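Report on the following structure.
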Amino acid sequence: MAAVALLLCISVAANWAWRDMQAHLDRPIKLDRPSTLFEIEYGTSLTRIASQMKRARWLENDLFLVLEARRLNIGSDLKAGVYEVYDGVTPRELLNRFVEGDVKVFDITFIEGCNFSDMRETLAQTPHLRQTIIGKDVAWILSRIDASLSSAEGRFFPSTYYFTSGDSDIQILQRAYRQMRDILEYHWTSRTLDLPYQTSMDALIMASIIEKETGRSEERNQIAGVFVRRLKLGMKLQTDPTVIYGLGDLYDGNLRRKDLERDTEYNTYTRQGLPPTPISMPGEDSIRAAINPAEGKFLYFVSNGDGSHEFSTTLREHNEAVGRHQMSPRQTQ
């Protein structure tokens, strides 16, 4: 009888412990904020994960999670990564997410008109992204993306890209490069005839200038039309953004007459035709405009001071517009 009683006590105790463990695993986690991040590094053991959760006060007894995972034979199936833990989630739900690899998805955004240096800075400042290009020169980076590339400027599409912890900066650049290549190729195949471009790269260079000239989508085709007509007529483009790009670190925020006269390979006041490379990462609207410019007779434009532009057909009309909108008239655009 004593043995039976002992077995009964053990059974009752085991049943109680089982129920307590299950109840504990189904108890909502309380956070002091809507959510927080929890990282499982590669090679982290089940017991260590449970211990980390206990230290975070998500578990009263880390053994409960270990036993449940082993009971389900999933102890070795937990995926590394960064997980977003929400207030009110249960340890059991977290365990299932760890097995499914339901990791947090992060994003990084490159704005239209940025240059390659801007992109590198954005990449370097992005948490949870594996850094591989810090300290590397541009040639090294390009060799990991496309051995045929000679310049990085303009070759990466400005957009939002998504990644998970452990993805690398070079992977983001590879995706941005493929996106730009595909978008440019798509629009180039439907281009307007009689454009003054030898290759799609010329169109990309033009698009990068348009991107820096205006933030207004409705003006891009008109600006493209002005530049295309100037090229056809043998006129210099005379566009400030190319001068600024050519100045590099010498540009202090103010463009002066001496800057316009300083000859660089990007100075479209001193040199004919397009600059040798793009000067920014253009968005799709600018690419579309460069390849399908507006028809008309405008050869000049000047900023109205509100982000829009006034377009002119003759130099006299343009100088009058400059006088209305700018303190120091220049025969630009």
Practice task
Quick one: count up the residues across the range 271-321 that are among the hydroxyl-bearing types (Ser, Thr, Tyr) and within 30 Å of the chain's Cα centre (by Cα).
Solution key: 5
Practice task
Scan the range 216-269 for residues that are assigned to a helix (DSSP H, G or I) and either touching a Pro at 6+ places or on another chain (Cβ under 8 Å) or on the phi < 0 side of the Ramachandran plot (or both) and report the count.
Solution key: 32
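Okay, residues lined up against (1) out of contact with any Phe, Trp or Tyr (no Cβ under 8 Å at 6 or more places or on another chain); (2) of a type outside the set (S, T, N, Q); (3) on the phi > 0 side of the Ramachandran plot:
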{"position": "PRO158", "(1), (2), (3)": "no, yes, no"}
{"position": "ASP167", "(1), (2), (3)": "yes, yes, no"}
{"position": "ILE170", "(1), (2), (3)": "yes, yes, no"}
{"position": "TYR177", "(1), (2), (3)": "no, yes, no"}
{"position": "THR189", "(1), (2), (3)": "yes, no, no"}
{"position": "ASP202", "(1), (2), (3)": "yes, yes, no"}
{"position": "ILE210", "(1), (2), (3)": "no, yes, no"}
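Please determine, by comparing only the residues of the range 149-182 that are among the charged types (D, E, K, R) and more than 30 Å from GLU39 (Cβ to Cβ), which one is surrounded by the fewest Cβ atoms within 10 Å (Cβ to Cβ).
First, the residues of the range 149-182 that are among the charged types (D, E, K, R): 153, 155, 167, 169, 175, 178, 181-182.
Then keep just the ones that are more than 30 Å from GLU39 (Cβ to Cβ); that gives 153, 155, 181-182.
On the way: GLU153: 21, ARG155: 23, ARG181: 16, ASP182: 11.
Top of the filtered list is ASP182.
Of the residues GLY307, GLY296, which single one is under 29 Å from LEU195 (Cβ atoms), in contact (Cβ under 8 Å) with a residue 40 or more places away in the chain, part of a loop (DSSP other than H, G, I, E, B) and touching a strand residue (DSSP E or B) at 6+ places or on another chain (Cβ under 9 Å)? First the steps, then the outcome.
Working: GLY307 fails: touching a strand residue (DSSP E or B) at 6+ places or on another chain (Cβ under 9 Å).
Of the residues listed, the single one that is under 29 Å from LEU195 (Cβ atoms), in contact (Cβ under 8 Å) with a residue 40 or more places away in the chain, part of a loop (DSSP other than H, G, I, E, B) and touching a strand residue (DSSP E or B) at 6+ places or on another chain (Cβ under 9 Å) is GLY296.
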Practice task
Mind listing just one residue for me: the one in the range 275-290 that is touching a Ser or Thr at 6+ places or on another chain (Cβ under 8 Å) and either part of a helix (DSSP H, G or I) or among the aliphatic types (A, V, I, L, M) (or both) and, of those, nearest to THR214 (Cα to Cα)?
Solution key: SER286
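Just the residues that are within 19 Å of the chain's Cα centre (by Cα), exposed (fewer than 15 other Cβ atoms within 10 Å of the Cβ) and either part of a loop (DSSP other than H, G, I, E, B) or among the hydrophobic types (A, V, I, L, M, F, W, C) (or both), please, taken from the range 95-131.
Filtering the range 95-131 for residues within 19 Å of the chain's Cα centre (by Cα) gives 104-131.
Now narrow it down to the ones that are exposed (fewer than 15 other Cβ atoms within 10 Å of the Cβ): 105, 107, 109, 111, 117, 121, 124-125, 127, 130-131.
Within the range 95-131, VAL105, ILE111, ALA124, GLN125, PRO127, GLN131 meet the criteria.
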Problem - All positions within the range 201-221 that are more than 18 Å from GLU265 (Cα to Cα) and surrounded by fewer than 19 Cβ atoms within 10 Å (Cβ to Cβ) - result: GLY215, ARG216, SER217, GLU218
Handout entry: In the range 241-270, residue farthest from the chain's Cα centre (by Cα) [restricted to those that are in contact (Cβ under 8 Å) with a residue 40 or more places away in the chain and surrounded by fewer than 19 Cβ atoms within 10 Å (Cβ to Cβ)]
Key = ARG257
Handout entry: Among the residues listed as PHE163, PHE64, the single one being in a helix (DSSP H, G or I), farther than 27 Å from MET201 by Cβ, in contact (Cβ under 8 Å) with a residue 24 or more places away in the chain and aromatic (Phe, Trp, Tyr)
Key = PHE64
Exercise for the section: Please find, within the range 135-148, the residue that is surrounded by the most Cβ atoms within 10 Å (Cβ to Cβ) out of those that are part of a loop (DSSP other than H, G, I, E, B) and free of Cβ contacts under 8 Å to residues at least 24 places away in the same chain. Expected result: LYS136
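Just so you know, all these numbers are worked out from the coordinates, no wet-lab data involved. Keep in mind that this is a model prediction, so the values were computed, not measured. A quick note on method: Cβ atoms are made from the backbone with ideal geometry, for glycine too, and the neighbour counts reach across all protein chains shown.
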